[in-house]
Amino acid sequence: MIYLLIGKENTLKKEFIRDLRNRLFPSPSGAELNFQEFSVENHSIGEVMDFVTMAPFLSEKRMAVYWGIDELEDDQKKSLPAALARLTATGLLVLVSEETNAKKSRFLNELSEKAKLVPCHAPFEKDLPSWIQGRAKKSGCQVDREAVPHLVERAGKDIASLSSALEELSVYIHPRTTITALDVQKLLGPSAQEDVFKLVDLLLAGDR
């Protein structure tokens, strides 16, 4: 029960961790007692393993997240695979790396043989429309094809900004379930391009 998260998109990493935690611990008390996040900067491998191998309390599982494993010292990187052998059937460990390709790192490549690799990468620009539709479904809605470019223009291509905009739009259109270009414009305002054209028109008209 080991996951290795790679990539630069922290929004996707946090969502993966949140969803996994919620599946393991349906009640807040279960997560409070059996879930903890650690960082290489502040915690040793031993502290992480001591927590995750401890018997779970009022739950079937115990979950730990270890951020920043790229910052481990060389000797620590060598000792981590052996430490993972201590993991019991009740423990689940999520290791988080900023590297984008596990195969380019001997350390991560070795870890990927013991863990389930989860790439956390932002979609390519050509894949944004399908990504937006998939994300919209999580909010219980869909996005008109004509609305997609308007959404990208206003919210940008950043995953966190797009996710936030879709959540706001899903609440805004309720009880409807389809987001239109007009909805995007009403909630997120005019695009920068529209503002520029309006500004030029006002300048040409001499309207201060």
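The values are calculated or read from the model by the stated rules, or taken from the named source; none is laboratory data. Only a predicted model underlies this, so the values are computations on that prediction, with no experimental measurement involved. Cβ atoms come from the backbone with ideal geometry, glycine included; neighbour counts cover every protein chain shown. Only protein heavy atoms, including side chains, enter the accessible area calculation; ligands, DNA and RNA are left aside. Shrake-Rupley method; radii C 1.70, N 1.55, O 1.52, S 1.80 Å.
What are the equivalent ellipsoid semi-axes of segment 62-120, built from the alpha-carbon gyration tensor (square roots of five times its eigenvalues), in whole angstrom, biggest first?
Three semi-axes, in Å: 18, 14, 11.
Taking θ as phi - 60°, what are the ³J(HN,Hα) couplings along segment 87-104 by the Karplus curve (6.51, -1.76, 1.60), each to the nearest whole Hz, with x for Gly and Pro?
Values per residue, Gly and Pro as x: 4, 9, 5, 8, x, 10, 10, 10, 9, 10, 10, 8, 5, 9, 9, 5, 5, 7 Hz.
Report P(r) for segment 130-178: all Cα-Cα distances, bin width 5 Å, range 0 to the bin holding the largest distance, values in whole percent.
With a bin width of 5 Å, the distribution comes to 5, 24, 38, 27, 7, 1.
When the accessible area of segment 115-169 is computed with all protein chains present and a 1.4 Å probe, what percentage of it is carbon and sulfur?
C and S fraction of accessible area: 53 percent.
Note down the magnitude of the dipole of the chain about its Cα centre, charges +1 on Lys and Arg C-beta and -1 on Asp and Glu C-beta and zero elsewhere, to the nearest 20 debye.
I would put it at about 680 debye.
Which residues among segment 40-75 fall inside the zone where the amide N is under 15 Å from a point 7 Å beyond the Cα of E32, along Cα→Cβ?
Counting only backbone N, you get 57-59.
Taking the chain as the region of interest, what is the percent of Cα-Cα pairs per 10 angstrom bin, listed from the shortest bin to the one with the maximum distance?
8, 27, 24, 20, 13, 5, 2, 0
Under the definition of Cα pairs under 8 Å and six or more residues apart, what whole-number percent is the relative contact order of the chain?
23 percent
Give, as a single signed number, the net charge of other residues whose beta carbon lies under 12 Å from the beta carbon of V118, with Lys and Arg counted +1 and Asp and Glu -1.
Once positives and negatives cancel, what remains is -1.
Using alpha carbon centroids, what distance separates segment 149-183 and segment 60-86, in Å?
Here the answer is 38 Å between Cα centres.
Checking a compactness column here: for segment 109-208, what do you get for Rg(Cα) / (2.2 N^0.38 Å), N being the number of residues?
That works out to 1.43 for segment 109-208.
Which of K14/K78; K104/K138; K78/K114 have a Cα-Cα distance over 24 Å?
Pairs exceeding 24 Å: K14/K78; K104/K138.
For Y172 and L199, FRET efficiency with R0 = 30 Å and r from the beta-carbon atoms, rounded to 0.05?
About 0.65, to the nearest 0.05.
With r as the distance between the Cβ atoms of E15 and S79 and R0 = 25 Å, compute the FRET efficiency 1/(1 + (r/R0)^6) and round to 0.05.
0.25
With n ≥ 4 as the cut-off for DSSP H runs, can you work out [θ] at 222 nm for the chain, using -39500 (n - 2.57) per run divided by the number of residues, rounded to the nearest 500?
Computed ellipticity for the chain at 222 nm equals -15000 deg cm²/dmol.
Where does helix 128-138 land angle-wise versus the long Cα axis of the chain, in degrees 0 to 90, nearest 10?
In the chain, helix 128-138 runs at an angle near 70 degrees to the longest axis.
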